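First the structure, in the form of structure tokens, and then the observations on it.
The values are calculated or read from the model by the stated rules, or taken from the named source; none is laboratory data. Small disclaimer: the values here were computed from a predicted structure and weren't measured. Cβ: placed from backbone, ideal geometry, glycine included. Neighbour counts: every protein chain shown. Each accessible area value is taken on the protein alone, full model and side chains, heavy atoms only, with ligands, DNA and RNA left out. Shrake-Rupley method; radii C 1.70, N 1.55, O 1.52, S 1.80 Å.
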Amino acid sequence: MATRSIAIDGPAGAGKSTLAKSLAKELGFLYVDTGAIYRTVGLYAEKCGKDAGNPQEVVPLLKEISLRLTHEADGMQHMYLQGEDVTEEIRQNRVSRYASQVSAMPEVRAFLLEMQRSLAREHNVVMDGRDIGTVVLPQADLKIFLTASAQQRAKRRHGELSMNGGHVPFQQVLEEILVRDEVDRTREIAPLYQAEDAVLLDTSELNLEESLQAMRSMVKESLHL
Ligand code: DC
């Protein structure tokens with residue numbers, strides 16, 4: 001039977017992962033966080049003592065990297081790097097920068113493309129990222145482009161980091177978000193943009209439940225679920 005897929009793209013901090021995860025749970029779909037895969041590649045570069053911003057140092061690592069993505073019974077996605085569970089480690093703030101750097105490399109994107117597509121062939125998925133609706137799953141049943149103002153997104157990311165024990169000043173989080181947005185939007189390969197057939201959802205003024213409600217309506221309309 002053909003699988004169903006929902007693509008959720010948008011900039012950092014728009015609420016993609018929280019919303020995508022909740023939606024997947026409600027629908028009984030697999031939640032796939034593709035940012036986590038790029039983060040794992042970025043972390044590997046660091047562990048190998050390489051410069052994550054230098055393709056000449058990163059690309060050769062693709063031959064030896066062992067990446068595994070699993071889902072626990074509760075639907076939580078875990079990332080394994082060379083057999084080690086790095087699910088928590090990849091959430092650290094410095095890894096965001098490495099992920100953004102390696103994700104601008106065509107070789108890295110090509111390397112990860114099939115991994116993402118095969119998940120969508122095998123399961124009904126809610127997949128979140130930057131290029132899911134535009135590149136990875138252009139045939140997705142529903143594409144949502146989630147966004148929010150940079151201030152709001154920085155506020156949310158700052159809250160997340162503080163909850164995880166990080167002590168990063170708000171201003172730094174905001175600046176990092178602006179830089180990362182710029183890099184993700186202007187890179188040559190798979191830049192972040194809204195697919196023509198994606199529905200825009202701006203969550204600046206919406207709380208989680210309101211955002212989720214809006215997404216439920218979209219699902220109902222597009223997937224008749
Ligand atoms: O969603 P995130 O913050 O965990 O993503 C980390 C980085 O990975 C982000 O800078 C953009 C990049 N990324 C990407 O280029 N394509 C994706 N599908 C997902 C993430």
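In terms of Cα atoms, the Rg and Dmax of the chain work out to 16.6, 49 Å.
With protein chains left intact and a 1.4 Å probe, residues in segment 69-225 average 53 Å² of accessible area per residue.
Averaged over its residues, segment 1-47 has an accessible area of 31 Å² per residue, based on protein heavy atoms and a 1.4 Å probe. For the chain, the number of Lys pairs separated by eight or more positions or lying on different chains, with C-alpha atoms closer than 19 Å, is 11. Label positions at Met115 and Leu225, each projected 7 Å from the Cα along the C-beta direction, are separated by 2.4 nm.
When only alpha carbons are used to place a centre, segment 54-129 and segment 20-46 end up 8 Å from one another. Share of antiparallel DSSP beta bridges in the chain, in percent to the nearest 5? Approximately 30 percent, going by the DSSP bridge assignments. Between amide H atoms placed 1.01 Å from N, distances below 5 Å from Val199 occur with Lys143, Ile144, Phe145, all of them 5 or more places distant or on a separate chain. Rolling a 1.4 Å probe over the protein heavy atoms of the chain, with every protein chain left in place, gives an accessible area that is 51 percent carbon and sulfur. This model, with +1 at the C-beta of Lys and Arg and -1 at the C-beta of Asp and Glu, gives the chain a dipole about its Cα centre of some 60 debye.
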